[in-house]
1. Any residue at all in segment 277-289 that is closer than 21 Å to TYR48 by Cβ and of a type outside the set (S, T, N, Q)?
2. So how many residues does segment 232-289 have that are basic (Lys, Arg) and either part of a strand (DSSP E or B) or touching a helix residue (DSSP H, G or I) at 6+ places or on another chain (Cβ under 6 Å) (or both)?
3. Are there any pairs with C-beta distances below 9 angstrom linking a residue in segment 45-74 that is at negative phi to a residue that is assigned to a loop (DSSP other than H, G, I, E, B) and among the β-branched types (Val, Ile, Thr), with the two at least 6 apart or on different chains, and if so which?
4. In segment 57-85, how many residues are in contact with a strand residue (DSSP E or B) (Cβ under 7 Å, 6 or more places away or on another chain) and exposed (fewer than 13 other Cβ atoms within 10 Å of the Cβ)?
5. Only residues that are part of a strand (DSSP E or B) and more than 20 Å from the chain's Cα centre (by Cα): list them for segment 148-177, please.
6. Any idea which residue in segment 25-42 is farthest from SER271 (Cα to Cα), counting only those that are surrounded by 13 or more Cβ atoms within 10 Å (Cβ to Cβ) and at pLDDT 75 or above?
7. Among ILE313, ILE231, ILE307, which is the only one that is modelled with pLDDT under 90, touching a Phe, Trp or Tyr at 6+ places or on another chain (Cβ under 8 Å) and among the β-branched types (Val, Ile, Thr)?
8. Based on this model, can you work out whether SER121 counts as assigned to a strand (DSSP E or B), exposed (fewer than 15 other Cβ atoms within 10 Å of the Cβ) and among the hydroxyl-bearing types (Ser, Thr, Tyr)?
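The values are calculated or read from the model by the stated rules, or taken from the named source; none is laboratory data. Since the model is a prediction, treat every value here as computed from it, not as a measurement. Here Cβ is always computed from backbone atoms with ideal geometry, including for glycine, and neighbour counts include all displayed protein chains.
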Amino acid sequence: MQIEIICMRKTVVVVVLLCYYLMSWAQVNSDSLNINWKEHWTIEGKTYIYISQGAQFHWAKGGDNVFSFLSKTEVKAKYKKEKQIWDNQLNWNYGFLFMGVPQDNTIQYRTTDDYIEINSSYGYKATGKVYYNALFNFKTQLLPGYKYPNDSVKVSNFLSPAYIIFSIGLNYKPNEVFKVMLSPITSKTTLVVKEGDVDETKFGLKKGERIYKEIGAYLTFYQKIKLFENISLENNLTLFSNYEKNPENVDFELKSDFNFKINKFVKALISLHFIYDDDASIPINDFDNGVYKQIGYTKGLQFQEKIMVGVGIDF
């Protein structure tokens, strides 16, 4: 746990220094080239911190003390000039959970969310609200994930797996709260970079492989709806069909976030995350001779849900 926290701190420092360097470089070069960034660029973002806690002392019914933390950061940089649109987005989620009784030295640490995603989409107007579009998408995580309650067996790690998508197609974008992109030419690459670190066969790779490539069709859908004055819903849906292997088994990912704005700083979140990946193997756990353990693997729908209240800043 201490190693993970140290790695987390080092990563934050590196990201901050890198951002500072890039902003300094951009400022120097924009001044020397006489570029007015505000004329074509829009930069916005939000960072939220959600915390929940429960404590018990001399509680007759029993139970554990619990503390959970979740951070969500989203940064968008948009360039628009005449017929060109270039959208860039960084999403970074990280959450953990402490559970147990300090007096008994039985505190357990578990990662509850670890997600890094980078999107870059360049469009050139074809007609009306339709753009010729090229898209790059990258997903991975920051720290190791374990086969809890056994925290000595890794099931995932940084760049293990990592997913890279390149696609070319048409993007229908009538406004900033709705867009649909359809790509008949898409490359999807799955990486497990470090040999022996995790079981690569769980992510569609053969034993000993580091890279798994797929060619297929890709669709992305984004929608933001204002349900009430202080409640909004964001939907992000992606679909991918592999031309060469079981094209009827469509991979999909749906993220639905209900955002509640209580006041300027206090926020609440209900997050639903669905994934189906035809190449991913999901552990099956059941009782075997009275012991609850993993008995095999299957393919199916993955689901994650979070309900949190915390503080946030929009900028």
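1. No; the residues of segment 277-289 include none that is closer than 21 Å to TYR48 by Cβ and of a type outside the set (S, T, N, Q).
2. Final tally of qualifying residues: 3.
3. Close Cβ pairs satisfying both conditions: GLN56/VAL101; ASP64/VAL101; ASP64/THR106; ASN65/VAL101; ASN65/ILE107.
4. Final tally of qualifying residues: 1.
5. Scanning segment 148-177 gives ASN150, ASP151, SER152, VAL153, ILE168, GLY169, LEU170, ASN171, TYR172, LYS173, PRO174, ASN175.
6. So the residue we want is HIS40.
7. ILE313
8. Working: assigned to a strand (DSSP E or B): yes; exposed (fewer than 15 other Cβ atoms within 10 Å of the Cβ): no; among the hydroxyl-bearing types (Ser, Thr, Tyr): yes.
No.
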